[in-house]
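S.K.: Structure provided below as structure tokens; questions to follow.
The values are calculated or read from the model by the stated rules, or taken from the named source; none is laboratory data. Remember, it's a predicted structure, so these values are computed and weren't measured experimentally. Cβ: placed from backbone, ideal geometry, glycine included. Neighbour counts: every protein chain shown. When the accessible area is computed, the model is the full protein with side chains, heavy atoms only, and any ligands, DNA or RNA have been set aside. Shrake-Rupley method; radii C 1.70, N 1.55, O 1.52, S 1.80 Å.
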Amino acid sequence: MTHRALLLLGCLALSAQAFAQLHFSAALNNNHLWRGSEVSDGLVLEADASVTFAKGHLNAGLWGGTNTSGKYKEFDYHVSFMQQGFTLAVWDIFNFSPGAAYDNEDFFNYDAHTTGRFLDVTASYNFAALSPKVPLTLSWSTVVFGRDRGLTNDHNIYSTWVYGEYRVWQNNDWAVDAGLGVNFALNNENNTHTNFFGDHYGVNTVNLKVTRQVRLGKWHFPVYANALFNPQARKGYYQIGAQLLSF
């Protein structure tokens, strides 16, 4: 490698250090809950590695999750734009758990008719950015590509999940959050309301989450308990977990 190439690499490394910030987090839960459903039971490890740049307005990263039995495996890409409480995020989600009812063997398959992945776009706004007295976050998420083509597999039905979360109470160590989510499709098939998040439209998420900040010397991390009810599916789930690392 020439001296010019080494110099260029050094400059790029210094630029990345000056204008980008690396992040890593890991959490351990007794299950994996997502938008009103239990994606996996058993002990689940989740990890996210990302980089923030453009003065904190852009973030891109990799997210992965697996349970101890190996029956759940997921690997996602994500990128987001953030500005004063507003966030626009795009997730490329690939669940390659064994025994799936769809084709999840080819990680690089982006054929809309056969791929096992899907692209999810979420726009959200945290009203606490305007006033700390309004600890409310509203979000709109739509599946725009992939494994969301209805029963006939001839068009994308654009399954959508709208969610609101409000911080009910908080002090230095405790926080209590309540949430409500509804699901529907923007492009329903004839005579059906089936979508990615349920067999028909309606309320599929009612949750209450309690978080406690634990301090062990210089190590601070949150532990949490989350009760999630899905009135549409007539199911309920209970999650306990901890964010082991975050930096």
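S.K.: When you scan the range 20-73 for strands (runs of 3 or more DSSP E) that lie fully inside it, which ones turn up with 2 or more residues that are of a type in the set (S, T, N, Q) and open to solvent by 30 Å² or more (accessible area, probe 1.4 Å)? Walk me through it before giving the result.
M.R.: Values: elements: 21-29, 32-34, 37-40, 44-53, 58-67.
Qualifying strands (runs of 3 or more DSSP E): 21-29.
S.K.: Sort out which residues of the range 81-109 are loosely packed, with under 15 Cβ neighbours inside 10 Å and touching a residue at least 24 places away in the same chain (Cβ under 8 Å), and write them in order of number.
M.R.: Phe81, Gln83, Gln84, Gly85, Phe86, Leu88, Pro98, Gly99, Tyr102, Phe107
S.K.: Still on this structure, please answer the following. Quick one: Thr160 ticks every box in (1) open to solvent by less than 90 Å² (accessible area, probe 1.4 Å); (2) farther than 20 Å from Ser25 by Cβ; (3) at pLDDT below 95 except a single one, so which number is it?
M.R.: (3)
S.K.: Considering the range 194-247 alone, what residues qualify as being in contact with a strand residue (DSSP E or B) (Cβ under 6 Å, 6 or more places away or on another chain) and of a type in the set (D, E, K, R)?
M.R.: Passing the criteria: Lys209, Arg212.
S.K.: Moving on. For Ser131, only one of the following conditions fails: (1) closer than 24 Å to Thr194 by Cα; (2) without any contact (Cβ under 8 Å) to a residue 12 or more places away in the chain. What is its number?
M.R.: Failing condition for Ser131: (1).
S.K.: Follow-up. More than 21 Å from Asp76 (Cβ to Cβ) and surrounded by fewer than 15 Cβ atoms within 10 Å (Cβ to Cβ), is that true of Asn153?
M.R.: Working: more than 21 Å from Asp76 (Cβ to Cβ): yes; surrounded by fewer than 15 Cβ atoms within 10 Å (Cβ to Cβ): yes.
For Asn153, the condition - more than 21 Å from Asp76 (Cβ to Cβ) and surrounded by fewer than 15 Cβ atoms within 10 Å (Cβ to Cβ) - is met.
S.K.: Looking at the range 176-221, which of the residues that are assigned to a strand (DSSP E or B) and open to solvent by 80 Å² or more (accessible area, probe 1.4 Å) is nearest to Arg147 (Cα to Cα)?
M.R.: Of the residues in the range 176-221, the ones assigned to a strand (DSSP E or B) are 176-185, 195, 198, 202-216, 219-221.
In the following step, the residues that additionally are open to solvent by 80 Å² or more (accessible area, probe 1.4 Å) were identified as 180, 208, 212, 215-216, 219-220.
On the way: Leu180: 25, Leu208: 29, Arg212: 37, Arg215: 42, Leu216: 43, Trp219: 41, His220: 39 Å.
Checked the range 176-221; the qualifying residue nearest to Arg147 (Cα to Cα) is Leu180.
S.K.: Continuing with this model, one more query. Could you tell me which residue of the range 203-247 is farthest from His32 (Cα to Cα), considering only residues that are touching an Asp or Glu at 6+ places or on another chain (Cβ under 7 Å) and not basic (Lys, Arg)? Don't jump to the end; show me each part of the working.
M.R.: Here is the first cut: in the range 203-247, the residues touching an Asp or Glu at 6+ places or on another chain (Cβ under 7 Å) are 209, 212-213, 237.
Of the ones still in play, those that are also not basic (Lys, Arg) are 213, 237.
Values: Gln213: 21, Tyr237: 10 Å.
That would be Gln213.
S.K.: Are any residues in the range 113-138 crowded, with 18+ Cβ neighbours inside 10 Å and either closer than 27 Å to Tyr224 by Cβ or within 14 Å of the chain's Cα centre (by Cα) (or both), and if so, which ones?
M.R.: So the first thing to find is which residues in the range 113-138 are crowded, with 18+ Cβ neighbours inside 10 Å, and the list is 115-120, 124, 126, 137.
Correct list: Phe118, Leu119, Asp120, Ser124, Asn126, Thr137.
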